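The values are calculated or read from the model by the stated rules, or taken from the named source; none is laboratory data. These numbers come from a predicted model, not from an experiment. As a convention, Cβ positions derive from the backbone with ideal geometry for all residues, glycine included, and neighbour counts pool all protein chains shown. Just the protein is used for accessible areas: all its heavy atoms, side chains included, with ligands, DNA and RNA removed. Shrake-Rupley method; radii C 1.70, N 1.55, O 1.52, S 1.80 Å.
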Amino acid sequence: MHDSGRPPDWLDTAAVAVLRDLQGADPITALAVVAWRPAFGLNGLHLGITEEPGPLPQLEDDLDPDDPTASGGGNWVPRTLAGPALLVLVADILRESLAETEVGWAQSRPPCPHHPHPARPVVRDGEAWWICGRDDEPLYRIGQDEVPTRPGPPRSWTTPKRSRRAEKRSHGRRRHG
Ligand SMILES: [Zn+2]
């Protein structure tokens, strides 16, 4: 029995999808998701991103999805989670973990197209979304390959997002030039 390795399938599917979102338009090579068993027999796994791990064994799926469990702390995923809630927790953990690696240090992944901050994972209307935390605007669905994989124009070229009021003012008016 391994103590750490690639997540078992129930967790790996979400982790791989989230890692793709975090890689986005500027992929970092030699990143892998690693899971490890909690010390106290909790029904879940710790999760993180590691640099240049080499080949990892896959952890056995020996946990029970119907067995409620206590919280295991920050980077810990209970086996009972599934669907959007699982995606959002995995996104939150891996985003934090990547930002703490040497290669991903302080980068905005995935990027908010309007601001320098990274997008934030939330469950919205039953779906897992990356949102802009400042405008509370849904940006990309998590794990659906909606995060742009091609670099956009430099931020200084992008038109600043117009406010609702500016939108109203220009409503119905012809655009010149
Ligand atoms: Zn934003």
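The range 70-144 holds strands (runs of 3 or more DSSP E) entirely within its bounds, and those carrying 2 or more residues that are away from the ligand (no atom under 14 Å from the Cβ) map to 76-78, 120-124, 127-132.
Only one entry in ALA25, ALA35 is within 16 Å of LEU98 (Cβ to Cβ) and open to solvent by less than 20 Å² (accessible area, probe 1.4 Å), namely ALA35. Among the residues of the range 87-122, the one identified as surrounded by 15 or more Cβ atoms within 10 Å (Cβ to Cβ), of a type in the set (A, V, I, L, M) and farther than 19 Å from GLY74 by Cβ is ALA119. Contact annotation: residue pairs with Cβ atoms under 6 Å, 6 or more positions apart or on different chains, pairing a residue in the range 79-103 that is under 20 Å from ASN43 (Cα atoms) with a partner that is in a helix (DSSP H, G or I) and among the small types (Gly, Ala, Ser), are LEU86/ALA14; LEU87/ALA14; VAL90/ALA14; VAL90/ALA15.
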